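A.B. asks: Starting off with a structure, shown below.
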Amino acid sequence: MKPYVICLMHSSLDGRTHPSRWRPKGAGTDWFEKIHDELGGDAWVIGRVTGAEFAKGKPYPATEATFPRQSWFARRDAKTYGVVLDAQGKIGWGRSDIGGDPIVVVLTERVPDSHLAGLRGEGVSYIFAGKSEIDLGLTLDILARELGVKRLLVEGGGVANGAFLRAGLIDEFNLILSPAIDGAKGAPFVFDSTEAHGDRRAPITAMTLESTRELGGGVLLLRYLIKNDPQAASR
């Protein structure tokens, strides 16, 4: 069964997600981890660009070894997993966890064997979810089946969030909204897309405001339940 998927993001009033650019500065920027913990996911997922911000290593060296394009797990007993979408295997990790949560990388079959050797050497788990592009529905299926994930937090960046949204896979959206504005070009949004998917719309049929919670200092937590076209996730 598909995990229950919650997208959690923190943004300014204009939907931008880099707090360093917000004005006034420091407007409620300490709430994300608190709400993340409250939501209690079995795993959380981010995209390659956000994932690279946590990396400490370099690209892995060439190898003559070959590996099957099958899932490989360094651990299956963690309370929470940190899942990173890295279709082409660009991130050299130099670590096996983020904040104590073991890393699970989602790859396509096009990644080189040298990358798989590097991941194994660092104790970084990986799964394959497509030949050349990541199939997010398949990703959720593997996480549920192999690691028992029942509740997944999607936490950006905007391109990754947008991909889950357009695939009709997000069940709930929690937005921490700060009383600040970015107001300039170049900052990422809560939901975004690549040029290739710029004209594709999310299959949302309804959104219900489930709750509004004041966090203090003008910061709000908005919780929306999302209803998607039931055919979207199977396309």
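Taken together, the values in this text are just the output of simple stated rules run on the coordinates, not laboratory data. Values in this document were obtained by computation on a predicted structure and should not be read as measured data. We place every Cβ from the backbone using ideal geometry, glycine too, and count neighbours over all the protein chains shown.
A.B. asks: Where the centroid of each part is defined by its Cα atoms, how far is the range 108-149 from the range 1-57 in Å?
C.D. replies: Centre-to-centre (Cα) distance: 22 Å.
A.B. asks: As an exercise, identify the GluC sites (Glu not before Pro) in the range 68-175 lying in DSSP coil whose Cβ has no more than 13 other Cβ atoms within 10 Å.
C.D. replies: Details: sites: 109, 122, 133, 146, 155, 172; in loops: 109, 122, 133, 155.
Within the range 68-175, the qualifying GluC sites (Glu not before Pro) (loop, at most 13 other Cβ atoms within 10 Å) are 109, 133.
A.B. asks: Using a cut-off of 13 Å between beta-carbons, work out the net charge of the residues near residue 182 (Lys and Arg +1, Asp and Glu -1, residue 182 not included). Numbers along the way, then the final one.
C.D. replies: Numbers: positive: 16, 21, 23, 25, 185; negative: 14.
Here the charged neighbours net out to +4.
A.B. asks: Let me ask you something else. How large is the Kirkwood hydrodynamic radius of the range 45-149, counting all unique pairs of alpha carbons, in Å? Don't skip to the end; give the middle numbers.
C.D. replies: Numbers: mean 1/r = 0.0741 Å⁻¹.
13.5 Å is the Kirkwood radius here.
A.B. asks: Taking 0.36 nm per intervening residue step and subtracting the Cα-Cα distance, what contour gain separates residue 213 from residue 231 on full extension? Show your work: numbers first, answer last.
C.D. replies: Numbers: separation 18, 0.36 × 18 = 6.48 nm, distance 3.24 nm.
Length difference between fully extended and current span is 3.2 nm.
A.B. asks: Using each residue's phi in the range 178-186, evaluate 6.51 cos²θ - 1.76 cosθ + 1.60 at θ = phi - 60° and report the 3J(HN,Hα) Karplus result to the nearest Hz, with x for Gly and Pro.
C.D. replies: Coupling constants for the range 178-186: 9, x, 8, 9, 7, x, 10, 6, x Hz.
A.B. asks: Which of the trypsin sites (Lys or Arg not before Pro) found in the range 48-124 are in a DSSP loop and have at most 10 neighbouring Cβ atoms, other than their own, within 10 Å?
C.D. replies: Passing sites in the range 48-124 are 56, 79.
A.B. asks: By the scheme Lys and Arg +1, Asp and Glu -1, what is the net charge of all other residues having a beta-carbon under 12 Å from that of residue 172? Don't skip to the answer; put the middle values down first.
C.D. replies: On the way: positive: 151, 223, 227; negative: 171, 210.
Taking every Cβ under 12 Å from that of residue 172, the sum is +1.
A.B. asks: Divide by every residue of the chain the summed helix terms, -39500 (n - 2.57) for each DSSP H run of at least 4, and state the resulting mean residue ellipticity at 222 nm, rounded to the nearest 500 deg cm²/dmol. Write out the running numbers ahead of the final one.
C.D. replies: Numbers: 5 runs with 43 residues, N = 235.
So the helix-based figure for the chain works out to -5000 deg cm²/dmol.
A.B. asks: Net charge near residue 124: determine it from the other residues with C-beta under 11 Å of the C-beta of residue 124, scoring Lys and Arg +1 and Asp and Glu -1. Provide the component values of the computation, followed by the final result.
C.D. replies: Details: positive: 75, 95, 120; negative: 86, 97, 122.
Around residue 124, the surrounding residues sum to 0.
A.B. asks: Given the pairs 2/150; 2/227; 56/90; 90/131; 56/185; 58/90, which are separated by over 18 angstrom at their Cα positions? The partial results should precede the final answer.
C.D. replies: On the way: 2/150 7 Å; 2/227 15 Å; 56/90 13 Å; 90/131 16 Å; 56/185 29 Å; 58/90 9 Å.
Table pairs above 18 Å Cα-Cα are 56/185.
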